[in-house]
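Asker: Handing you a structure now.
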Amino acid sequence: MTTNKISSKFHLFFTSLLTFLLASGSGFSQQTLETTNQTLRYSRYSRLSPKIIPVKISERTFLLQMPIEKLEDNPVFDDYEFYFTILSSYNQAFQNENLTRLQENDLKKNTANHFYFEQRIQIPEEQEEAIALIKIVDTRQGDEYYYHMDLVGPFILGHPNFGAYYGNDVPFDQSFLIQEEALLFKSNSAVSLNRFFYPTEFASPFPPMETKPAPAPREVEVVNQGDFLVNTPRTFDEKGYYFIQSDTNSTEGLLIKTVSQAFPRVETWEDMVDMVVYISTRREHEALMEASDKKKALDQYWIGLTKDEEAAKTLIREYFRQIEFANILFTDFKEGWKTDRGMVYTVMGPPTGVTFRQNAEIWTYGDLNSNSKINFTFARVKNILTPNYYILNRSRALQPEWFKSITLWRSGRMDF
């Protein structure tokens, strides 16, 4: 009799404790965007790359285009579980059982390069914030891939009411387009679109410990290239970036960054000189910039760092592989390596932790549970060209770790 009373009291205590933990966010089930580690988004070994591209049907209705790029050879659909949902905040909890499972018969297309889903969703009028989330689980090893996109919120100036597509009708899901390649534009509410061209070049960013603001151009050149009809392929021939709009009086549009044929790889010796700025002293970089024979000067630079020709070749290959990944991952209206996130990624490598808040993206390096870990915080900035524009919160406290990584690069010992 006594045992039963103790068991009942223990059960009541355990149930109350579990309820408290779940309500307070301490339970394992309280996964949110703010607590989810999205490090696979920037991993060099990811097998998939999901995206969400919203097309506005009306102020509160969206067509969610969800192209998932296949990075591994011949992936099998059944090796993955696909989910999506709409969240009302970055700290709203979600679990698999609260997400919508996407099955193979939900695929709109299954091409050599993409799994492609579409979902039409309606956001309630009273909902002040809406974030679309896709989650993919690799059932072979438990890896979890995430991608989210704000539909409604304080950092969103609007989404376009048209879409851009490759020749196979899969949405254009890259952050850049090779010059002279064509895209097909479709819209249910516009018969023509307007094209504005910005032939702007940008300088590389200041390092993380430089607290004074970088110089910004007072004026940006823009060329109105007129309108063009939807449902016809359109090429983009000039290098820079374009902003496509159906209504020039609105803030809604689509950014298209045009790049050379070699991109995301390095194209010229002059580009290589620009890109070593992150691991060079000012004097070294100025000497490279002034050299008449850039190839010879670069050869001497790399061998001078390592004192070994084979080690120099390895270092060159690894450094410019980082540049390539930065270009793929972080290009917006700037080349990826020239963005703050691209700079940190190039020098520090892929972060061990990536979390998001409504107004920031936080990268962690080192053991996530260690006091010695270091965080880079990128503040989200409202921008008409892209809803995902981030600027590093610079601090002199970042200098020791930054110089440590540069020393590893210069000694040929950086390894990701």
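Asker: Of the conditions (1) in contact with a helix residue (DSSP H, G or I) (Cβ under 6 Å, 6 or more places away or on another chain); (2) surrounded by 18 or more Cβ atoms within 10 Å (Cβ to Cβ); (3) at pLDDT below 95, Phe202 satisfies every one except a single condition; which number is it?
Answerer: The one condition Phe202 does not meet is (2).
Asker: Let me ask something else about it. Only residues that are open to solvent by 20 Å² or more (accessible area, probe 1.4 Å) and under 19 Å from Tyr146 (Cα atoms): list them for region 64-74, please. Before you say what the answer is, go through the steps one by one.
Answerer: Within region 64-74, the first condition is being open to solvent by 20 Å² or more (accessible area, probe 1.4 Å), and the residues that meet it are 69-74.
Once the filter is applied, which keeps residues that are open to solvent by 20 Å² or more (accessible area, probe 1.4 Å) and under 19 Å from Tyr146 (Cα atoms), region 64-74 yields Glu69, Lys70, Leu71, Glu72.
Asker: Sticking with this structure for a sec: Which residues, counting only those in region 290-313, are touching a residue at least 60 places away in the same chain (Cβ under 8 Å) and either under 17 Å from Met275 (Cβ atoms) or over 33 Å from the mean Cα position of the chain (by Cα) (or both)?
Answerer: Matches in region 290-313: Leu305, Asp308, Ala312.
Asker: Anything in region 292-313 that is open to solvent by less than 20 Å² (accessible area, probe 1.4 Å) and within 27 Å of Gly240 (Cβ to Cβ)? List them, or say none.
Answerer: Leu298
Asker: Right, next: Can you give me the number of residues within region 343-384 that are in contact with a Gly (Cβ under 8 Å, 6 or more places away or on another chain) and assigned to a loop (DSSP other than H, G, I, E, B)?
Answerer: Count: 6.
Asker: Sticking with this structure for a sec: Among Trp269, Trp337, which is among the aromatic types (Phe, Trp, Tyr) and free of Cβ contacts under 8 Å to residues at least 40 places away in the same chain?
Answerer: Going through Trp269, Trp337 in turn, just one is among the aromatic types (Phe, Trp, Tyr) and free of Cβ contacts under 8 Å to residues at least 40 places away in the same chain: Trp269.
Asker: Search region 138-154 for residues being in a strand (DSSP E or B) and open to solvent by 20 Å² or more (accessible area, probe 1.4 Å), and hand back the single one that is farthest from Pro67 (Cα to Cα).
Answerer: That would be Val152.
Asker: Does region 184-194 include one or more residues that are closer than 27 Å to Ile391 by Cβ, out of contact with any helix residue (DSSP H, G or I) (no Cβ under 8 Å at 6 or more places or on another chain) and modelled with pLDDT of 95 or more?
Answerer: No, region 184-194 has no match at all.
Asker: Can you find a residue in region 52-61 that is under 16 Å from the mean Cα position of the chain (by Cα), at pLDDT 50 or above and not in a strand (DSSP E or B)?
Answerer: yes
Asker: Checking Phe185 against (1) open to solvent by 30 Å² or more (accessible area, probe 1.4 Å); (2) touching a Lys or Arg at 6+ places or on another chain (Cβ under 7 Å); (3) in contact (Cβ under 8 Å) with a residue 40 or more places away in the chain, only one condition comes out false. Which one?
Answerer: The number of the failed condition is (1).
Yes/no per residue for (1) touching a strand residue (DSSP E or B) at 6+ places or on another chain (Cβ under 6 Å); (2) of a type in the set (D, E, K, R):
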site	(1), (2)
Pro67	yes, no
Glu81	yes, yes
Ile86	yes, no
Asn96	no, no
Lys109	yes, yes
Ala112	no, no
Arg120	yes, yes
Asp150	yes, yes
Pro154	no, no
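Asker: Looking only at region 248-280, which residues are touching a Leu at 6+ places or on another chain (Cβ under 6 Å), over 18 Å from Arg317 (Cβ atoms) and open to solvent by less than 40 Å² (accessible area, probe 1.4 Å)?
Answerer: Leu255, Ile256, Thr258
Asker: Name every residue in region 314-333 that is crowded, with 17+ Cβ neighbours inside 10 Å and either outside any helix (DSSP H, G or I) or without any contact (Cβ under 8 Å) to a residue 12 or more places away in the chain (or both), in order of residue number.
Answerer: Matches in region 314-333: Thr331, Asp332, Phe333.
Asker: When region 364-380 is examined, which residues are found to be without any contact (Cβ under 8 Å) to a residue 24 or more places away in the chain and either open to solvent by 80 Å² or more (accessible area, probe 1.4 Å) or farther than 30 Å from Trp302 by Cβ (or both)?
Answerer: Passing the criteria: Thr364, Asp367, Asn369, Ser370, Asn371, Ser372, Lys373, Asn375, Thr377, Ala379.
Asker: Also, I was wondering about something else. Identify the single condition in (1) in contact (Cβ under 8 Å) with a residue 60 or more places away in the chain; (2) closer than 26 Å to Asp415 by Cβ; (3) crowded, with 17+ Cβ neighbours inside 10 Å that Phe243 does not satisfy, given that it satisfies every other one.
Answerer: Of (1) in contact (Cβ under 8 Å) with a residue 60 or more places away in the chain; (2) closer than 26 Å to Asp415 by Cβ; (3) crowded, with 17+ Cβ neighbours inside 10 Å, only one is false for Phe243: (2).
Asker: Does Val277 count as free of Cβ contacts under 8 Å to residues at least 60 places away in the same chain and β-branched (Val, Ile, Thr)?
Answerer: In short, no.
The values are calculated or read from the model by the stated rules, or taken from the named source; none is laboratory data. Keep in mind it's a predicted model, so treat the numbers as computed, not measured. No Cβ is skipped: glycine too gets one built from the backbone with ideal geometry, and neighbour counts run over all protein chains shown. Each accessible area value is taken on the protein alone, full model and side chains, heavy atoms only, with ligands, DNA and RNA left out. Shrake-Rupley method; radii C 1.70, N 1.55, O 1.52, S 1.80 Å.
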